[in-house]
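None of the figures in this text is laboratory data; all of them are computed from the coordinates on show. The structure presented is a predicted model; accordingly, all values stated were derived computationally and were not measured. Please note: Cβ atoms are built from the backbone with ideal geometry, for glycine as well, and neighbour counts cover all protein chains shown.
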Amino acid sequence: MVKYDHILYNGTVLTLDEGDHVASAVGISGGSIAKIWTEEGRPDADADRWLDLSGRTLIPGFIDTHNHLLMYARQKQQLNCASPPNESISDLLAAVKQEADYVPSGEWIVGSGYDDTMLKEKRHILRQELDDAAPHHPVFIRHISGHLAVVNSQAFSYCEVPADISDPSGGHFGRDKEGHLDGVLYELPVLERIMQRMPAPSLDELVEQIEIATYDYLKEGITTSTDAAVGLDLGFEEYRAHMEAVKRGKNPIHMRYMVMYHLIENGELTDLDAEELNGRIHEDTAGRGALDSVKLFQDGSIQGYTAALRGGYHEDETFNGDLVLPQHVLNNYVQKFHDQGYRVAIHGNGDLAIASIIEAYTKALDAKPKKHHRHRIEHLQTAREEDVEKLRTYDIATSLFINHVYYWGDRHRDIFLGPERAARINPTASVVENGILYTLHSDCPITPISPLFSIWAAANRITRDGHVLGEGERVSVLEALKSMTIYGARLNGTEHDNGTIEQGKRADFAVLDQNPLKVDPRSVNDINVDLTIIDGEITYERGSVPGTK
């Protein structure tokens, strides 16, 4: 008789295989699925360990294909500037002042998560206000979108930003009516001007921060994760930190990496083609990490007015936002990386940016056709019908930032996009109807990491204020569940290894206290993850204390 390392039994096993079969028990050997039983009761088998599911539901481990683990890890250590708890600018300034009271003079105060549209005043914090709250400290507070920030005069002085500084391509410095810098920074090229001059954490500190953040991912049932912009803030040090965290066993999740294009174009990874870089990552992580893609941005954030839109913004139809890269420059980058064997992933929120990305992809594919290229558009917030049809024609994949519906849907409807366009944000049903390969994602730390929440958001499309936004774009819970399991595996090109519960695949699971296919769709977000299992080993158990297992 075969002896298994581990048998999980007496539960509902949602295999999510081609036939959506339901089983009752799973046997594990060597970190892989060795046997699946459909008969009820304890299997007639031999195992070193038995886990009674006690009626709970076993599903494939969640696959989040777009988040920012390292950014989240760093922000967990920063001053919380989110709303709530901060309801007004005075609340935020009080928090900054309190921080200044115990941080040594001259050291940086770094915060994150503020959202001008959630504050009572409905505006950004200004440089002079931060000067008054922390006159002896450089201050940097990042916007919830990740694409904006606000700084004080000490920060400008520390980073040697002159009053007459020119705006870089793809971003701009905020200025008051007299043309003076007001402290608001718009878009990544401007944020980089400050962040590259701020004191950087050590490699050991970054690895420790990743370890702490990884626990939050594990408790949400995530077994495979993609960091969607390695090198965005700290350059090559982010690559080193990710590799070390996996190598040292601090991050047990199967990791994939979108590497920022500048690290490949003119950084430490220059002259490596896709196969060579994937090989390096594989070696640097002892086989547990893989290259996902090369990452570019073509616009910014809708709520930051830096997304590029056709037809302008709801409150100002003459303002369209800006593309990050001129079209010919984007076309050249995409063609180059496509020719080097890379899968390309490009951030596109506004429909003008989405159309620009599609143009770059189609030109590259027309010049050098390639099947199963899996080039991606990230977020796809405001795609029009003709954009979705182009995705289908050229087999372009996407990952939808579905959590936007809840967190910003009301403001998109009333402030940024208007009712008609807002109803179509993250057009999940349209993508499904067109047969496009897609996933859902959290974009953590922009929104909290939680696949179950993303599934809930896709199935219900309920906003923070309780409205249904775009009822026709809702999908079933089963469809949404697949988008964060088997579709994620297909997008990653690992469908033979994970994404479903089938013999021979990795034993990566999440154990839920309820069956998401049996509860009211509006209750999916109330389901708890009881266990997370990676390679057949329990990496999270609800109620346990981190670091004691």
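Annotations
- Signed unit charges on C-beta, dipole axis of region 205-262, positive-most listed residue 229, 254, 206: 254
- Dipole magnitude of region 121-187 about its Cα centre (Cβ charges: Lys, Arg +1; Asp, Glu -1), debye to nearest 20: 220 debye
- Computed on the chain, with alpha-carbon pairs under 8 angstrom and 6+ residues apart, the relative contact order is 16 percent.
- Model label points for residue 159 and residue 476, set 7 angstrom from Cα along the Cα-to-Cβ axis, are 4.9 nm apart.
- Less than 5 angstrom separates the built amide H of residue 530 from those of 511, 512, 513, all sequence-distant by 5 or more or on a different chain.
- Check: region 70-195 dipole with +1 on Lys, Arg Cβ and -1 on Asp, Glu Cβ, in debye: 320 debye
- Model label zone, residue 515; criterion: amide N under 17 Å from point 7 Å along Cα-to-beta-carbon; scope region 8-27: 9-17, 19-26
- A straight chain from residue 332 to residue 248 at 0.36 nm per residue would run longer than the Cα-Cα distance by 26.4 nm.
- Residue 166-residue 275 FRET efficiency (beta carbon distance; Förster radius 35 Å; 0.05 resolution): 0.30
- The mean sequence distance of close C-alpha pairs (under 8 Å, at least 6 residues apart), as a share of the length of region 70-195, puts its relative contact order at 21 percent.
- Maximal additional length on extending the residue 91-residue 215 stretch stands at 41.6 nm, based on 0.36 nm per residue less the C-alpha distance.
- Low-density loop cleavage sites - GluC sites (Glu not before Pro) in region 141-242, where at most 12 other Cβ are within 10 Å (DSSP): 160, 178
- Under 17 Å of direct C-alpha separation, and excluding same-chain neighbours fewer than eight residues apart, residue 390 reaches these aspartates and glutamates: 351, 359, 366, 378, 433.
- Furthest towards positive pole of dipole, 71, 147, 83, structure part region 70-195, Cβ charges: 71
- Simple spin-label estimate for residue 318 and residue 468 in nanometres, 7 Å along Cα-Cβ: 4.0 nm
- Using C-alpha pairs under 8 Å with a sequence gap of at least 6, the mean separation divided by the residue count of region 263-414 gives a relative contact order of 19 percent.
- A compact globular protein would have a Cα radius of gyration near 2.2 N^0.38 Å; the ratio found for the chain is 0.97.
- Lysine pairs in region 70-195 whose alpha-carbon atoms fall under 23 angstrom of each other, counting only those eight or more residues apart or on distinct chains, come to 5.
- Whole-Å distance, taken between Cα centres, linking region 172-241 and region 392-416: 23 Å
- Listed peptides 446-454, 342-350 by packing density, highest first (mean Cβ within 10 Å): 342-350, 446-454
- Sparse-neighbourhood loop sites, trypsin sites (Lys or Arg not before Pro) in region 350-427 - DSSP loop, at most 14 other Cβ within 10 angstrom: 370, 371
- One decimal place: the segment residue 197-residue 385 gains 63.4 nm when fully extended, by the rule 0.36 nm per residue minus the C-alpha distance.
- Nearest-0.05 FRET efficiency for residue 18 and residue 522, computed from C-beta distance (R0 25 Å): 0.30
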